[in-house]
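Working notes for the structure below.
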Amino acid sequence: MRVCYTPRYYADIGEGHVFPIRKFELVRDRLVAEGTLAPAEIYEPREAPLADVLLAHTDDYVTRLRAGSLTQREVRRLGLPWSKALVRRSFLATAGTCAAARFALEEGVGANLAGGTHHAFPDHGEGFCVLNDVAVAVRVLQRDKAARRFAVVDLDVHQGNGTAHIFAEDDSVFTFSMHGAKNYPLFKLRSTLDVELADGTADEEYLDTLARHLPRVFEHEPDLVFYLGGADPYAGDKLGRLSLTFAGLRARDETVLRECRRRGVPVATVMSGGYAADIQDTVEIHCNTIRAAKEIFNPVPNNL
């Protein structure tokens, strides 16, 4: 299983920021230390080409983003302080998702230890999301005729409003978002399928709801699924408002990944959000997604 990661997924956004930007490194370190990932399985992406990013974002936004000339209002909406390192990590994370998608098409599964920035719109970023990596990856694969039909299974606790907007007129992309009804964003857009959850929803109800609605995704007959396994439905998440346990979130991952494997649909996983009071909890949840992917897909070495 090939997994995308680079130390440059880190950018200095200030001590005490609610976004736990150290989690990318901590997830990589834990997975390697325990032997879930071998160093040879980690692919270090280069920055996404500008032409690729412009398939999903406007030239005006990307030009001003790169130049550091976003307005104060735009930076506040983004929720992250602008820096060259932030722009670089956004282009790198986008490239990681593009690579993970290609790995999935080749091998059945691929992963990016970043990405899932689903609040980014064509002309602006918001909610800690600078570029919409999944949208760029879909547009790149469409351009290259690598795949025709796509599904986005977004199980972050917040609705993927940017993704819903970008693909609203594209019938080849099925967007499924299962999220907190009263959580950010205040004004939600229409995905192909939206499932809203009440505050405090716990494991059993969550998993039953997912099992009822997930088959709709596969009726679309996707060539590739992007799975956003957000860590923020966790009961200990500062921004989540749901009540899932580690076991419930692991079962969520297994439900999605097993269904992809059973139906023979390649899947690329990306990390999305997670804001637990203890960053180690967020790290463990993200690690569980990769552990589940490796156990379920268990790619056979080429020499066997």
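The values are calculated or read from the model by the stated rules, or taken from the named source; none is laboratory data. Because the structure is a prediction, the values reported are computed rather than measured. Please note: Cβ atoms are built from the backbone with ideal geometry, for glycine as well, and neighbour counts cover all protein chains shown.
Couple of notes before you dig in:
- Residue 235 satisfies every condition listed in (1) among the aliphatic types (A, V, I, L, M); (2) buried (at least 23 other Cβ atoms within 10 Å of the Cβ); (3) farther than 15 Å from residue 152 by Cα except (2).
- Some residue of the range 269-282 being in a helix (DSSP H, G or I), in contact (Cβ under 8 Å) with a residue 60 or more places away in the chain and either acidic (Asp, Glu) or in contact with a strand residue (DSSP E or B) (Cβ under 8 Å, 6 or more places away or on another chain) (or both): yes
- The range 14-34, residues that are out of contact with any helix residue (DSSP H, G or I) (no Cβ under 7 Å at 6 or more places or on another chain) and over 14 Å from residue 45 (Cβ atoms): 14, 15, 16, 17, 18, 19, 21, 29, 33, 34
- Any chance residue 207 is of a type in the set (A, V, I, L, M), part of a helix (DSSP H, G or I) and closer than 25 Å to residue 142 by Cα: no
- The one condition in (1) over 24 Å from residue 276 (Cα atoms); (2) touching a helix residue (DSSP H, G or I) at 6+ places or on another chain (Cβ under 9 Å); (3) in a loop (DSSP other than H, G, I, E, B) that residue 88 fails to fulfil: (3)
- Considering residues of the range 223-250 that are more than 18 Å from the chain's Cα centre (by Cα) and outside any loop (DSSP other than H, G, I, E, B) only, the residue farthest from residue 129 (Cα to Cα): 247
- Residue selected from the range 8-38 under the condition of a type outside the set (A, V, I, L, M, F, W, C) and farther than 19 Å from residue 284 by Cα, by the criterion surrounded by the most Cβ atoms within 10 Å (Cβ to Cβ): 8
- Of residues in the range 93-136 being over 19 Å from residue 63 (Cα atoms), of a type outside the set (A, V, I, L, M, F, W, C) and in a helix (DSSP H, G or I), the one nearest to the chain's Cα centre (by Cα): 97
- Residues that are touching an Asp or Glu at 6+ places or on another chain (Cβ under 8 Å), farther than 15 Å from residue 272 by Cα and surrounded by 22 or more Cβ atoms within 10 Å (Cβ to Cβ) within the range 99-123 are absent altogether.
- Close pairs from the range 170-185: first surrounded by fewer than 23 Cβ atoms within 10 Å (Cβ to Cβ), partner hydrophobic (A, V, I, L, M, F, W, C), Cβ under 7 Å, at least 6 apart: 172/150; 180/157; 180/197; 180/242; 181/197; 181/198; 183/157
- Being acidic (Asp, Glu), at pLDDT 95 or above and out of contact with any strand residue (DSSP E or B) (no Cβ under 9 Å at 6 or more places or on another chain) is a condition met by no residue of the range 229-237.
- Residues of the range 65-85 that turn out to be assigned to a helix (DSSP H, G or I) and surrounded by fewer than 17 Cβ atoms within 10 Å (Cβ to Cβ), as a count: 9
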